[in-house]
Amino acid sequence: MKTLKRNFHFDKIDSTSAFLKCRRLFLRNFTFVSAGFQTAGHGRMGRTWVSEKHENLLFSVLIKDKKLINKFSSVSLAVAVTIFKTLSEFGFNDISIKWPNDVYASGKKICGILLESTSDNGEISSLIIGVGLNVNAKEFKGEFIVPPTSMFLQTGEEFPLDIVKKKVYKNLKNELKLLKKGKSDYLAVARENNFLVNKKVFAEINGEKAQILVKGIANDNCLIYELNGKKNTIFAGEITFHI
């Protein structure tokens, strides 16, 4: 099968990430897939990601570059920083990053990011970055641990999805290019705009949920926390604000 094009858009699809996962062997590095509506969108911990038709930016990106694959944890945080920078370009100023890869606006979740790896012949062969950025959503149905928001709800203005998508795509390519060369400032940006720093939250430590005090982000992208007066780090996991 010949190599396919790099950019796809679907009016409706089950999942942009599933599309990439099934076709990863034949698609080019940095293939970008967006959709107006997903019937089976999902987030971290198997949660369903629901978005009304043509309201928000839903997309996934395929990474096959070995140097970026080897920077797995950095890629996750760098994508969040990309969304942070893009929102800043649109004039947003109360933006923060919730480790490891959510983006908040005024303390509410405006973007969710899911990074998955795929393996072939026993080795990680690609990364799939799934992003849901709330752009023109005017209301959210259901119950949420952290209340969601959108670019529209923050400003009262609608944003053309195509313009937002082009800016995100351009910024993401640039950020990952810098990351590959070791020149990205993603860690400094994430630290400076860390939503969790100095907050008491709940995390799973050694199989048990414990309340921790977040102290910062380490050089290896781990979350630095304090528990019972001692500092330690978490490489990955779920950070919540409830028991």
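A few comments on the model shown:
- The range 120-177 - residue that is within 16 Å of Ser106 (Cα to Cα) and in a strand (DSSP E or B) and, of those, nearest to the chain's Cα centre (by Cα): Leu133
- Test: residue in the range 16-26 that is open to solvent by less than 80 Å² (accessible area, probe 1.4 Å), among the basic types (Lys, Arg) and modelled with pLDDT under 90: no
- Note on the range 155-186: residues that are farther than 18 Å from Leu62 by Cβ and out of contact with any Leu (no Cβ under 7 Å at 6 or more places or on another chain) total 15.
- Cβ separations smaller than 8 Å between residues 6+ apart or across chains give the following pairs from the range 155-169 residues that are of a type in the set (Lys, Arg) to residues that are open to solvent by 70 Å² or more (accessible area, probe 1.4 Å) and in a helix (DSSP H, G or I): Lys167/Glu89.
- Only residues that are open to solvent by 50 Å² or more (accessible area, probe 1.4 Å) and touching a residue at least 24 places away in the same chain (Cβ under 8 Å) were counted in the range 55-90, giving 7.
- The range 10-42, subset touching a Leu at 6+ places or on another chain (Cβ under 8 Å) and among the aliphatic types (A, V, I, L, M), residue farthest from Lys53 (Cα to Cα): Leu27
- Meets criteria (in contact (Cβ under 8 Å) with a residue 12 or more places away in the chain, assigned to a helix (DSSP H, G or I) and open to solvent by 40 Å² or more (accessible area, probe 1.4 Å)) for Lys109: no
- Cβ-Cβ under 7 Å pairs, at least 6 apart or on other chains, the range 171-196 side on the phi < 0 side of the Ramachandran plot, far side basic (Lys, Arg) and open to solvent by 60 Å² or more (accessible area, probe 1.4 Å): Leu179/Lys71; Lys180/Lys67
- Taken over the range 189-220, residues that are under 21 Å from Ile69 (Cα atoms), of a type outside the set (Asp, Glu) and either open to solvent by 60 Å² or more (accessible area, probe 1.4 Å) or modelled with pLDDT under 95 (or both) amount to 1.
The values are calculated or read from the model by the stated rules, or taken from the named source; none is laboratory data. As the structure is a prediction and not an experimental result, all values here were calculated from the model. Every residue, glycine among them, receives a Cβ derived from its backbone with ideal geometry; neighbour counts consider all protein chains shown. Side chains are part of the model used for accessible areas, which takes the heavy atoms of the whole protein and leaves out ligands, DNA and RNA. Shrake-Rupley method; radii C 1.70, N 1.55, O 1.52, S 1.80 Å.
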